[in-house]
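> Take a look at this one; I'll ask things after.
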Amino acid sequence: MRDLIVVGSGPAGATCARKAALRGLDVLLLEKSRHPREKLCGGALNPRVPKALGFDIRPVLDREVHSARIHAPSGRNFLVTNHGLSSYMIRRNRFDSYLVQKAEEAGAQVIQDSEVVALQQTRSAVRALCRGDSYESHLLVGADGAEGIVARESGIRSSWPPNRMALCMAADVSMDEADIRKLTAVDGESDELAMEFYLGTVDWGYGWCFPKAESVCIGIGCRMDRMRNLQVAWMRFLKRINEEKGLSIRPAVEDTFKVPVGYPEWSLVGRRIMLTGDAAGLASPLTGEGIYYAIVSGSIAADVSVQAIESKNAQEVLAFSQRMRKELIPELESAEFIARRLMKSTRSLEIACEVAQKDRIIRDLIIQFVAGSRSAQKSRNSMLKRMLIHHPLESALMGLG
Ligand SMILES: Cc1cc2nc3c(=O)[nH]c(=O)nc-3n(C[C@H](O)[C@H](O)[C@H](O)COP(=O)(O)OP(=O)(O)OC[C@H]3O[C@@H](n4cnc5c(N)ncnc54)[C@H](O)[C@@H]3O)c2cc1C
């Protein structure tokens, strides 16, 4: 019997498997696909990701960017830049394969093309049933993404509340450097590119263009309970950027993609089982970014697994919920607090953009919040205070206070 089975080898699962194996656990990582597998994603990594992983990600980096351009609903736009901080642009096929390779190097056994189709729990173990094979362990981590089965099979969560799910339409569009620059250049002179955010493109969401090495990820996403017609919004967004940038991009996108956003109000643990990453519902309600939260939750699950195995006490998995509520969830709650005030109307978004454009301190606070250079609650409170003291009219119009 193994110490730990990890189901799913995205950023959450690969990180959990690697960190648990490094600390001496006998780990099995099961993946239904085969790496390098495609995973549609903006591919923008939070500046904190390299530190959270603890190894060099330069071998799989497409680009580093230092700016984000915010397009207000009215069409005006402004840059938010911090040269001291990088956001990292990656392609998920290369990035995720690299994380799995690191897990294997750390000693985890990885079995690909192996879909877990059911779980069985006994008094002393948990069993993962794949087609044709089954594996037993003391503990199991569900890192099987938004549509995974571990949450359902373990009885932890049966479905997603609509206000906790975002739907996206997106495509990685191959293009030459000249067209990448048309969409994402910081200005006409430097080589720097920016992440482009188009606010107001959809209710409770946004459109984006993120530069990669030989493509741009173009997408829109919004919360499912606020969604009207995503297909129409997508066509409108493509038309807008084609007209504004003199391009003729027409990616064929038939599917929508899910990101569970918000903060989990449900349990994250079952008997011998912990949920991480998208399986736990950990993407930011403000930006939809989930890779950083997947990595951190995978690391915490690894820590807790080591403690539970060393103390021979499966009850220790309860510590996972406590640590998540202390170390990760307050940041997601703060992001939800900001998202509710910003996204409640186009007018609120417009006012917030107007303030951010003229007030450098507000822009710095946004960077601190997203980059996590201070605690999320402190950045959130400083933003609120600055708004109330220096922009009282705008605060009143946004319903702050
Ligand atoms: C369109 C879009 C754009 C996004 N852009 C960004 C972005 O720019 N930056 C960012 O930080 N986040 C972004 N996200 C969110 C991000 O993709 C997720 O939060 C992140 O992938 C979560 O990682 P994970 O390891 O929890 O799950 P996943 O990456 O989904 O990995 C789950 C793994 O589990 C495997 N699996 C599933 N079921 C089983 C099973 N039964 N048995 C075995 N294996 C199984 C899957 O094959 C997969 O490999 C985006 C999401 C979408 C949809």
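> Those residues that are under 20 Å from the mean Cα position of the chain (by Cα) and outside any helix (DSSP H, G or I), I need them from segment 162-184; list them, please. Don't jump to the end; show me each part of the working.
Taking segment 162-184 first, the residues under 20 Å from the mean Cα position of the chain (by Cα) are 162-172.
If the condition is that a residue be under 20 Å from the mean Cα position of the chain (by Cα) and outside any helix (DSSP H, G or I), then Met165, Ala166, Leu167, Cys168, Met169, Ala170, Ala171, Asp172 are the ones that fit.
> Quick one: is Glu350 of a type outside the set (Ser, Thr, Tyr), under 23 Å from Ser74 (Cβ atoms) and surrounded by fewer than 20 Cβ atoms within 10 Å (Cβ to Cβ)?
Working: of a type outside the set (Ser, Thr, Tyr): yes; under 23 Å from Ser74 (Cβ atoms): yes; surrounded by fewer than 20 Cβ atoms within 10 Å (Cβ to Cβ): yes.
Against the criterion (of a type outside the set (Ser, Thr, Tyr), under 23 Å from Ser74 (Cβ atoms) and surrounded by fewer than 20 Cβ atoms within 10 Å (Cβ to Cβ)), Glu350 qualifies.
> Between a first residue in segment 375-391 that is in the same structural domain as Ile361 (by TED's automatic domain parsing) and a second residue that is in a loop (DSSP other than H, G, I, E, B) and modelled with pLDDT under 95, which pairs have beta carbons less than 7 Å apart while being 6 or more apart in sequence or on different chains?
Leu384/Leu400; Met387/Leu400; Leu388/Leu400; Leu388/Gly401
> When the residues of segment 36-54 are filtered to those that are in a loop (DSSP other than H, G, I, E, B) and near the ligand (Cβ under 8 Å from one of its atoms), which remaining residue is nearest to Glu136 (Cα to Cα)? Outline the logic, then answer.
Taking segment 36-54 and keeping what is in a loop (DSSP other than H, G, I, E, B), we get 36-43, 46-48, 54.
Next, from what is left, pick out any that are near the ligand (Cβ under 8 Å from one of its atoms): 37, 39-43, 46.
Values: Arg37: 26, Lys39: 28, Leu40: 32, Cys41: 32, Gly42: 36, Gly43: 34, Asn46: 35 Å.
Ranking the candidates gives Arg37 first.
> State which residue is farthest from the chain's Cα centre (by Cα) when the search covers only segment 103-128 and only residues that are surrounded by fewer than 21 Cβ atoms within 10 Å (Cβ to Cβ) and assigned to a helix (DSSP H, G or I).
Of everything passing the filter in segment 103-128, Glu105 is farthest from the chain's Cα centre (by Cα).
> Among the residues of segment 269-284 satisfying the criterion of being within 12 Å of the ligand (Cβ to nearest atom), assigned to a loop (DSSP other than H, G, I, E, B) and in contact with a strand residue (DSSP E or B) (Cβ under 7 Å, 6 or more places away or on another chain), which is nearest to Ala339 (Cα to Cα)?
The first filter runs over segment 269-284 and keeps only residues within 12 Å of the ligand (Cβ to nearest atom), leaving 275-284.
Add one more test, that the residue is assigned to a loop (DSSP other than H, G, I, E, B), and what stays is 276, 281-282, 284.
Restricting the remaining residues to those that are in contact with a strand residue (DSSP E or B) (Cβ under 7 Å, 6 or more places away or on another chain) gives 276, 281, 284.
Values: Thr276: 23, Gly281: 16, Ser284: 9 Å.
Of everything passing the filter in segment 269-284, Ser284 is nearest to Ala339 (Cα to Cα).
> A further question on this structure: Of the conditions (1) under 28 Å from Gly75 (Cα atoms); (2) surrounded by 18 or more Cβ atoms within 10 Å (Cβ to Cβ); (3) within 15 Å of the ligand (Cβ to nearest atom), Ile241 satisfies every one except a single condition; which number is it?
Every condition holds for Ile241 apart from (3).
> Can I ask one more? Say whether the condition of being within 22 Å of Ser373 (Cα to Cα) and more than 21 Å from the chain's Cα centre (by Cα) is met by at least one residue in segment 83-93.
yes
> Here is a follow-up. Looking at (1) part of a loop (DSSP other than H, G, I, E, B); (2) touching a Pro at 6+ places or on another chain (Cβ under 6 Å), which is the only condition Trp266 fails?
For Trp266, the exception is condition (2).
The values are calculated or read from the model by the stated rules, or taken from the named source; none is laboratory data. Please read these numbers as outputs of a predicted model, since none were measured by experiment. Quick reminder, even Gly has a Cβ in these numbers, built from the backbone with ideal geometry, and neighbours come from all protein chains shown.
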